[in-house]
Amino acid sequence: MTTIPPFEVLPRDLSAYRAGNTGVPYVHRFDSGRPGPHVLVNALTHGNEFCGMVAACHLLDTGVRPQIGTLTVSFANVEAYESFDPARPFESRQLVHNLNRIWSEAWLDGPEQSPELRRARELRPVVAAADHILDIHSTSNPVQPFWVYPAFARNGHTTQAIGRPAVHLVMPQGLGSGTPLVQHGLHGTPGHHGTAVVVECGQHFAHATGALATEVALDFLAHFGLVARERTAPPAPAQRYELLQTVVVQTPGFRFTRPLLGFETFGPHELVATDGEREIRAPEGGCTVLMPTRAPVVGREGVYLARALH
Ligand SMILES: [Zn+2]
């Protein structure tokens, strides 16, 4: 698939948000002065996922302030975001490392250097300080929006209470290809109290994706009592998927057996992709594929195999 979707949203200049008020660039914090949870709304973990930028700018530009607790709004990988090239719009996802796979102590305390590792180390105290985290993302392909989160009851409770998007991808074993931001530190442990979830809001460059990201961010703040908000619609019945396997591309020959956008189903043992000599087949019970890569890159995720939960 080489077609590039239309750019309904393009990067805007974020220099006005650089200074922030926390000492960490692009991080803004508002303390209500009253007891309550500390909620982090994080944008641009991936540089070309503009919807988080739209939502974060909305919160800052409209002067949203918490009535209880503390609100932090952050733009994560601005360096990758600023490298956006309309001729290669998928390249600015990351510069070197995937900023959403390096939140383990091994990476953060390790010796390697990259723009993403530098930024993750800078953001580490910001992420660790939050009780509840909404990490806003979007998808390469135009598919229905969905939540993604580790299978802790607290995450399921919050996302189902918010009710949109209605689709949930739950990760009982984590991601399998690194540590995402929402699993950093205590947020990756069973005993913690805080919700930490990803929301995938639609296709990267679509206007509707930014609009949904803004709504979900406000819903998330309202759920924890930081803002008052009328519920616009009753929660839709949840449609839940469980991540079975994260397939990482091993060879430049990685190919799907048919064009995939996401949410296609495969029967038991059906061939999903080939990767050199390796065959990637659906598990015994069949599967639903999520987030198939547009352009395979060795060492990055090729596709997620999930099963529908009933
Ligand atoms: Zn993303």
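The values are calculated or read from the model by the stated rules, or taken from the named source; none is laboratory data. Keep in mind it's a predicted model, so treat the numbers as computed, not measured. FYI the Cβ positions are ideal-geometry reconstructions off the backbone, even for glycines, and counts take in every protein chain you see. Ligands, DNA and RNA are excluded from the accessible area calculation, which covers all protein heavy atoms including side chains. Shrake-Rupley method; radii C 1.70, N 1.55, O 1.52, S 1.80 Å.
Here is a yes/no grid of residues against (1) touching a Ser or Thr at 6+ places or on another chain (Cβ under 6 Å); (2) within 23 Å of V289 (Cβ to Cβ); (3) at pLDDT 95 or above:
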residue: F75; (1), (2), (3): no, no, yes
residue: V78; (1), (2), (3): no, no, yes
residue: V96; (1), (2), (3): yes, no, yes
residue: E112; (1), (2), (3): no, no, yes
residue: A120; (1), (2), (3): no, no, yes
residue: A130; (1), (2), (3): no, no, yes
residue: Q144; (1), (2), (3): no, yes, yes
residue: Y149; (1), (2), (3): no, yes, yes
| field | Single residue of G47, G69 found to be surrounded by fewer than 22 Cβ atoms within 10 Å (Cβ to Cβ) and modelled with pLDDT of 95 or more | value | G69
| task | Take the residues in the stretch 90-103 that are within 14 Å of the ligand (Cβ to nearest atom) and part of a loop (DSSP other than H, G, I, E, B), then tell me which one is surrounded by the most Cβ atoms within 10 Å (Cβ to Cβ). | result | L99
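Residue by residue, here is whether (1) farther than 18 Å from D219 by Cβ; (2) away from the ligand (no atom under 15 Å from the Cβ); (3) among the aromatic types (F, W, Y) holds:
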| position | (1), (2), (3) |
| --- | --- |
| L44 | yes, no, no |
| V54 | no, no, no |
| H58 | no, yes, no |
| A76 | yes, no, no |
| F84 | yes, no, yes |
| In the stretch 176-187, which residue that is in contact with a strand residue (DSSP E or B) (Cβ under 6 Å, 6 or more places away or on another chain) and of a type in the set (A, V, I, L, M) is surrounded by the fewest Cβ atoms within 10 Å (Cβ to Cβ)? | L181
| message | Can you pull out every residue in the stretch 191-233 that is aliphatic (A, V, I, L, M), away from the ligand (no atom under 16 Å from the Cβ) and either touching an Asp or Glu at 6+ places or on another chain (Cβ under 6 Å) or open to solvent by 20 Å² or more (accessible area, probe 1.4 Å) (or both)? | response | A208, A211, L218, A222, V227, A228, A233
| message | Any residue at all in the stretch 73-83 that's out of contact with any Gly (no Cβ under 9 Å at 6 or more places or on another chain), among the hydroxyl-bearing types (S, T, Y) and more than 15 Å from G20 (Cβ to Cβ)? | response | no
| request: Among what's in the stretch 128-143 and is open to solvent by 20 Å² or more (accessible area, probe 1.4 Å) and either β-branched (V, I, T) or out of contact with any Phe, Trp or Tyr (no Cβ under 7 Å at 6 or more places or on another chain) (or both), pick the residue that is nearest to V197 (Cα to Cα). | output: D131
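Matching residues to (1) under 23 Å from the mean Cα position of the chain (by Cα); (2) within 22 Å of P115 (Cβ to Cβ); (3) of a type in the set (G, A, S):
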{"site": "Y17", "(1), (2), (3)": "yes, yes, no"}
{"site": "P25", "(1), (2), (3)": "yes, yes, no"}
{"site": "H28", "(1), (2), (3)": "yes, yes, no"}
{"site": "P35", "(1), (2), (3)": "no, no, no"}
{"site": "A43", "(1), (2), (3)": "yes, yes, yes"}
{"site": "E49", "(1), (2), (3)": "yes, yes, no"}
{"site": "V54", "(1), (2), (3)": "yes, no, no"}
| Among G156, G163, which is open to solvent by less than 40 Å² (accessible area, probe 1.4 Å), closer than 13 Å to V199 by Cα, without any contact (Cβ under 8 Å) to a residue 40 or more places away in the chain and not polar (S, T, N, Q)? | G156
| field | Wholly within the stretch 236-310, strands (runs of 3 or more DSSP E) carrying at least 3 residues that are open to solvent by 70 Å² or more (accessible area, probe 1.4 Å) | value | 239-248
